[in-house]
Structures are given as structure tokens and as C-alpha cells.
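Encoded as C-alpha cells, the structure appears first; notes follow it.
Every number in this text was worked out from the coordinates using simple rules, so none of it is lab data. These numbers come from a predicted model, not from an experiment. Ideal geometry is used to build each Cβ from the backbone, glycine not excepted, and the neighbour counts take in all protein chains shown.
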Amino acid sequence: MNNKSLPIILIVLGSLLTAGGVQNSHQTDAKLARINSTLNSRKQVLKNYQTKVENPLLADKAKTPAQKSTQTQLNTNNEMFKAANGFFSVAFNFSSQKEWNQRKNNASRYATDDVLNDKKLFNSGKDVTGNSIIEAQKVVSTFNSVNLSTNTINNNDHSLTGLAKVSYSASTDNHSPAQHTDIYLLKYDLHQHKLSLVHRIGELSSEDN
């Protein structure tokens, strides 16, 4: 038996037991009328509930503008975090010149061309003589985590800005890796669903193991 029907059945049984001790037909008719009214009310509530479950769009229409705005902000925050996490996991994970070169292409799913063409983020990784700095100094970098703090959505330019605290480990010449924490200013484009600005503000801390 469907559990949702149980309260309705209990109401019917309880009301019928009460009506069974009443001989007056008018009183019985009145009680039955109330029973029918109660049943109809419960059925309508159940119908409305089922409609909202089966059609989430109708449930969404019932939300107030403030609730919708809050939900939009939360969804956008989550989108931006995923983009930031993906971007920095690409940017800070490398141990060879080949992996360094691949970063730009791999980051294209998370960032716009303006970010990808920023030489401070994506360059050749070579010195003036054309030799690989990564290979020469045996540079190894490992992304650890990112924490993101965002502002409210800017509806004028359809963007969301925030500060990212990026943690990563880096080492050179086979030395023990040092833990680094950098702060970045980020901007997320709501149309392209990508980071449109990644600007390094500075290093928050550096700690040798």
C-alpha cells in the first residue's frame, strides 16, 4: 500500500467509526460531507506535492525573487569554483618542459583567450638562450588546493569576481618541495562560463618541508 494514502485511510476509518454510533441520518450525512471535504483537501495537497516533484519547473516558479537570486548566486559560485580548481590544477602541475607546454591547451576549457595569452601565466618556460628552465633546474610543481571567496554577481557585465587562495608545492634540483600559498584575483564570465581574468596579487606564505 502506498504510504502517501495512509493518512487519508486513517481519516476515513476514524470518521466512519464515529458515524457508526449515530442513528440520525442527517448527522450521518453531515459527517460524511465533512469526510468528503477532508478527503478532497488531502487529495489536492497530495496532487500539488506530486506535481512539484514531477515538474521542478513549477516548483521553481513558486520561489520568491530573493530565493531565486540566492540560488543563482550559489550555482554561479559553484561554477566559478570548478573553473578555478580546474584551471589551477592544470597551471600548477608540471615536472617537464612537455607538461609545461601542454598547460595552455589543457587550461582552455577553464579560461578565455585573454587569460591563455597572458605571458605571466603561459610562456615558453625557456631562458634567453632558448634552454628550458624547467629541465635545467629540474622544476617540479604540484597543485594542492584552492579556496575561493566571491563577490555578488555583477549583472552589468555578467561576471563574478573573487579572490583565490592557491596552495601548491614546488621544488628545484631534486630538493625537498616547499609549500607555497598565492593570492589571485579572478573574474568569471557568465556567458562563456570561463575565467576571463587571472591576476596574481602576491604570495601569502612559503614554507619549506
| query | Looking at this model, which pairs from K82/K138; K68/K187; K82/K165; K82/K194 are more than 19 angstrom apart at the alpha-carbon? | reply | K82/K138; K68/K187
| field | Inter-label distance, nm, simple model (7 Å from Cα along the C-beta direction), S69/Q179 | value | 4.0 nm
| remark: Going fewest to most other Cβ atoms within 10 Å around each Cβ, F94, F87, F122 line up as F122, F94, F87
